[in-house]
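**Student:** Please see the structure below; I have some questions.
The values are calculated or read from the model by the stated rules, or taken from the named source; none is laboratory data. If you're wondering where the values come from, they're calculated on a predicted model, not measured in any experiment. We place every Cβ from the backbone using ideal geometry, glycine too, and count neighbours over all the protein chains shown. Protein only, heavy atoms only, side chains kept; ligands, DNA and RNA dropped before computing areas. Shrake-Rupley method; radii C 1.70, N 1.55, O 1.52, S 1.80 Å.
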Amino acid sequence: MEGKNILAKAQCPYCGVGCGLEIFKDKKGRTKIRGDKEHIATYGDICLKPIPYPKVMDIGRVPAPLYRESKKEQFKEITWDEAFKIIADKIKNNHPDENYFYISGQLTTEDSYVINKFVKGFVRTNNIDANSRLCMASAVMGYKLSFGSDGPPGSYEDIDDSDAFIFAGSNAAWAHPVLFKRVLNRKKNNPDALIVVIDPVYTATAEKGDVWIDIKPGTDTVLFNSVLYLLNKKGWLDYDFIKKHTENFEEAVKEAEKYPPEIASKICDIKESYIYKLAEIYGFRKKVLSFWTMGLNQSSNGTMKNIALINLHLATGRINEKGSPFSLTGQPNAMGGREVGYLVNGLPGYRDVRNDEDRSFIEKSWGIPEGSIKSKPGITAVEAFDKMINGDIKLFWIVCTNPAVTMPNLNKFWRALRNTFVIVQDAYLTDSVDYANLVLPATQWGEKEGVMTGSDRTITYNGTFRDPPPQCKHDWEIFCKVAEELGWKDSFNYKNSEEIFNEYKLLTKGRLCDISEFKYTDLPKQWGGKWLYKDKKFMTPSGKAKFNPAVYEEPADKVKYPFSFILTTGRTKKQWHTMTRTGKSLELLRNEAEPFIMFNSKDAFDLGIIDNDYINIRSKRGQIYIKAKVGNIKKGVLFAPFGYGKIYHFPTNILVSDAVDPISKEPELKFSSVFIKARKKRIYRLSDEVYSKVKDTFEKVERYLFEAVERGYKLLNHPELDNESIKLLSMKMDELIKLFITHPTDWEKAMLLNEEIASIYINRDLQPEDQKLITENFSKAVSRIFDLSDEEVTAWEYTHEFLSHSIFEIVKKHYEERELKRQD
């Protein structure tokens with residue numbers, strides 16, 4: 001009886017796990033969602049996010065095609081025919097490369113295929129990119145450079161017999177909860193299984209893990225290189241696998257040898273023992289799965305992070321029966337989009353515009369003249385900002401995504417949007433609509449059919465369970481109508497999505513992602529099988545997987561006062577992306593109704609910040625006002641969710657760096673240096689007991705005080721401190737300490753000395769964090785040079801810290817005024 005009430009089966013429209021869903025009518029006739037127990041990837045398990053979906057589908061929909069020639073005008077409703085003509089006229093009047101198309105991993109495969117065909121084959125520009133550029137581009141390049149092709153080599157089945165799980169830059173407990181529950185179930189059945197979490201934030205995933213490695217953001221390449229160094233040094237390698245199935249091992253090891261644990265631990269700011277622990281896991285565990293997401297990908301060193309982790313699997317033969325390097329996808333169909341080639345260099349079937357044979361094959365398949373598809377990749381999404389500002393890109397067409405919240409350096413991106421004719425094609429009135437000239441109402445999941453591919457390569461057919469609002473058209477249909485207006489009707493004369501699927505699937509025949517025999521009625525079905533490279537023959541010219549040297553580069557943003565905190569971003573438990581649908585559900589908003597920024601408790605104390613304070617945070621790109629939250633996070637690191645839009649006043653990505661990885665062109669969303677002004681001054685004073693100890697031992701110390709001070713500066717090993725500067729500073733600091741002990745009330749001279757020392761610090765680029773090191777070095781020198789008790793040495797250390805604090809307050813004020821004035 002219950003089966004009769006099933007309206008449709010589909011894949012979840014949120015994260016990339018690809019959970020199978022059943023949409024059904026309950027006894028009261030209400031549309032409900034539950035897990036599909038027959039789905040081959042997730043067997044009925046789901047998380048909270050999709051459950052309220054039917055209740056929010058109609059909130060905030062685009063009411064009709066909306067148009068304004070100038071962004072200063074109000075929108076007016078127009079007909080679809082008028083909208084198609086406006087778009088066609090713009091495209092015809094622009095040079096092909098003056099058009100840009102920015103699409104989404106939330107589209108169906110059929111949508112993405114049609115749009116990619118329209119842009120690359122008929123508009124004849126490769127200026128099409130997707131929001132996968134912001135999340136998966138580094139993972140794609142890691143796979144291509146290592147295996148010769150995109151595509152995760154393992155599948156979810158591997159979880160069920162693995163005994164070690166590495167989560168690197170992944171809070172799977174929140175972002176991929178169904179997958180993480182499967183990992184926890186494996187650990188329940190096999191208590192010896194080990195979960196290691198590499199993340200600067202003590203996430204929900206870390207809470208359930210066995211080891212939390214609180215790495216400094218941006219340094220993962222160093223960590224994995226150091227593990228490879230140890231594996232090679234100890235001989236814990238799979239030499240047979242390396243010899244038979246890989247190449248270039250020596251070059252990768254040569255790079256890794258730069259990072260023995262004693263060096264790597266300092267760069268990563270972690271315990272050295274963690275590196276040895278990871279080496280043991282990769283060296284001796286039966287089967288190791290390495291999961292990662294944005295913590296590795298969203299980085300100006302992201303491709304190298306991916307390569308460094310994959311190198312560990314190659315070095316220990318951890319492919320197939322021994323493990324897998326498994327990149328978790330952030331969107332429901334980013335995998336499908338990658339398969340159809342929806343990034344600037346892609347063509348259907350994992351093909352590439354730079355390959356002559358690939359271009360020729362697709363041109364013949366699409367019935368277009370040879371040379372129609374350009375051989376040079378288009379410019380990537382973040383690189384397009386300047387082109388838009390300069391007027392080199394005149395049209396920017398956004399489909400099914402909300403870049404006005406998700407792009408980095410939002411002030412710059414908003415300026416780019418204001419300078420460009422913008423089309424927003426979406427089901428909802430998103431933040432991006434504020435910058436649009438033309439808004440097109442589209443259907444969404446549940447109102448259109450089509451397929452999606454989950455993280456483990458399982459393709460699911462998405463059925464419909466309701467009619468779309470009358471004003472809406474399917475995404476693929478909109479592009480077909482514009483194609484008709486441009487005279488390309490014969491190539492886009494599709495009657496339904498199945499026709500599109502049947503055309504696309506033939507282009508995958510013989511490719512790694514071959515689905516040429518798949519039918520809608522076959523789905524769900526996994527392409528590539530359980531193991532993509534089951535015979536350990538890879539897609540490189542030699543058929544061998546390739547080790548690549550993983551070269552570490554520091555993040556583009558420098559952590560330098562006043563921008564001395566590292567901001568990293570991510571998701572909350574119940575919200576997804578820019579909250580276009582999850583943010584309309586009261587159930588999902590509970591305890592997540594406003595954005596926040598998380599502090600380490602010690603940092604919060606030093607800044608005078610407590611829970612629920614509202615604070616101002618600045619980077620070199622802008623500033624936001626946001627609620628503070630004290631949590632378990634690495635000292636010096638802040639965390640904020642990125643998805644809260646302009647309705648919450650200040651999107652987090654106003655602050656975020658738009659530096660990109662030189663290979664993947666993925667932006668550095670996980671590392672931005674920011675400034676937070678202390679809410680109150682900490683009062684520094686010396687106790688009478690400390691002052692008495694210093695005064696009583698002054699005669700012992702006086703003769704060699706200069707030497708102790710000098711040694712404190714020399715041990716700093718600061719690149720800007722030459723011998724002359726050290727000597728001058730030592731003389732001034734020696735004089736200040738003696739003045740404080742012999743003439744403590746001579747404030748005027750003390751202030752003059754403070755300013756002189758501060759001026760030298762500023763000229764030599766000393767940073768506030770150097771204060772602690774200088775004092776510690778001074779204390780060590782006092783302990784070595786003088787015959788003092790521990791209490792007396794500590795008293796001298798406190799005195800030096802007390803005097804240094806006043807000097808560095810002057811330094812900090814100078815840096816703040818200089819840097820913030822530049823920004824203003």
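Yes/no matrix, rows are residues, columns are (1) assigned to a helix (DSSP H, G or I); (2) surrounded by fewer than 19 Cβ atoms within 10 Å (Cβ to Cβ):
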position: L728; (1), (2): yes, yes
position: K738; (1), (2): yes, yes
position: L752; (1), (2): yes, yes
position: P768; (1), (2): no, yes
position: K772; (1), (2): yes, yes
position: N777; (1), (2): yes, no
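**Student:** Shifting gears a bit: May I ask you to list pairs of residues, at least six apart or on different chains, whose Cβ atoms are under 6 Å apart, with the first in segment 366-393 being under 20 Å from A659 (Cβ atoms) and the second being among the small types (G, A, S) and open to solvent by less than 60 Å² (accessible area, probe 1.4 Å)?
**Tutor:** Close Cβ pairs satisfying both conditions: F385/A416; M388/A416; I389/A416.
Here's the yes/no breakdown for (1) in a loop (DSSP other than H, G, I, E, B); (2) under 19 Å from the mean Cα position of the chain (by Cα); (3) over 30 Å from A404 (Cβ atoms):
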position	(1), (2), (3)
K635	yes, no, yes
A640	no, yes, no
S657	yes, yes, no
R679	yes, no, yes
K693	no, no, yes
E707	no, no, yes
H718	yes, no, yes
L721	yes, no, yes
E724	no, no, yes
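**Student:** When segment 625-648 is examined, which residues are found to be in contact with a strand residue (DSSP E or B) (Cβ under 7 Å, 6 or more places away or on another chain) and either hydroxyl-bearing (S, T, Y) or modelled with pLDDT under 95 (or both)? Show your work before the answer.
**Tutor:** First pass over segment 625-648, keeping only residues in contact with a strand residue (DSSP E or B) (Cβ under 7 Å, 6 or more places away or on another chain): 625-631, 633-642.
Matches in segment 625-648: Y625 only.
**Student:** Quick one: which of K216, K181 is open to solvent by 40 Å² or more (accessible area, probe 1.4 Å), basic (K, R) and farther than 30 Å from E257 by Cβ? Don't jump to the end; show me each part of the working.
**Tutor:** On the way: K216 fails: farther than 30 Å from E257 by Cβ.
Step by step, each of K216, K181 is checked, and only K181 is open to solvent by 40 Å² or more (accessible area, probe 1.4 Å), basic (K, R) and farther than 30 Å from E257 by Cβ.
**Student:** Name every residue in segment 780-793 that is of a type outside the set (V, I, T) and surrounded by fewer than 21 Cβ atoms within 10 Å (Cβ to Cβ), in order of residue number.
**Tutor:** Scanning segment 780-793 gives K780, S783, R784, F786, D787, L788, S789, D790, E791, E792.
**Student:** Mind checking whether some residue in segment 406-420 is within 20 Å of Y53 (Cα to Cα), open to solvent by less than 10 Å² (accessible area, probe 1.4 Å) and among the small types (G, A, S)?
**Tutor:** Here is the first cut: in segment 406-420, the residues within 20 Å of Y53 (Cα to Cα) are none.
No, segment 406-420 contains no residue that is within 20 Å of Y53 (Cα to Cα), open to solvent by less than 10 Å² (accessible area, probe 1.4 Å) and among the small types (G, A, S).
**Student:** Modelled with pLDDT of 95 or more and open to solvent by 40 Å² or more (accessible area, probe 1.4 Å), is that true of G391?
**Tutor:** No: the conditions fail for G391.
**Student:** If you don't mind, another one. Under 7 Å between Cβ atoms, which residue pairs at least 6 apart in sequence (or on different chains) link something in segment 75-95 that is more than 20 Å from K473 (Cα to Cα) with a partner that is among the charged types (D, E, K, R) and at pLDDT 95 or above?
**Tutor:** N94/K394
**Student:** Just the residues that are surrounded by 21 or more Cβ atoms within 10 Å (Cβ to Cβ) and either at pLDDT below 95 or closer than 22 Å to W527 by Cα (or both), please, taken from segment 23-41.
**Tutor:** If the condition is that a residue be surrounded by 21 or more Cβ atoms within 10 Å (Cβ to Cβ) and either at pLDDT below 95 or closer than 22 Å to W527 by Cα (or both), then D36, H39, A41 are the ones that fit.
**Student:** Can you name the residue in segment 597-633 that is without any contact (Cβ under 8 Å) to a residue 60 or more places away in the chain and of a type in the set (D, E) and is also nearest to S564 (Cα to Cα) among such residues?
**Tutor:** Across segment 597-633, the extreme among qualifying residues is D603.
**Student:** Hey, could you check segment 323-357 for residues that are among the hydroxyl-bearing types (S, T, Y) and assigned to a loop (DSSP other than H, G, I, E, B) and say which is surrounded by the fewest Cβ atoms within 10 Å (Cβ to Cβ)?
**Tutor:** So, considering only residues that are among the hydroxyl-bearing types (S, T, Y) and assigned to a loop (DSSP other than H, G, I, E, B), the one surrounded by the fewest Cβ atoms within 10 Å (Cβ to Cβ) is Y350.
**Student:** Being touching a helix residue (DSSP H, G or I) at 6+ places or on another chain (Cβ under 8 Å) and within 18 Å of W366 (Cβ to Cβ) is the filter; apply it to segment 504-517 and report the residue that is surrounded by the fewest Cβ atoms within 10 Å (Cβ to Cβ).
**Tutor:** L506
**Student:** Next question, about the same structure. Considering only residues of segment 518-554 that are of a type in the set (G, A, S) and out of contact with any helix residue (DSSP H, G or I) (no Cβ under 7 Å at 6 or more places or on another chain), which is surrounded by the fewest Cβ atoms within 10 Å (Cβ to Cβ)? If you could, list the steps in order and put the result at the bottom.
**Tutor:** Applying the first criterion (of a type in the set (G, A, S)) to segment 518-554 yields 528-529, 542-543, 545, 550.
If we keep only those that are out of contact with any helix residue (DSSP H, G or I) (no Cβ under 7 Å at 6 or more places or on another chain) too, we end up with 528-529, 542-543.
Details: G528: 19, G529: 10, S542: 13, G543: 14.
Here the answer is G529.
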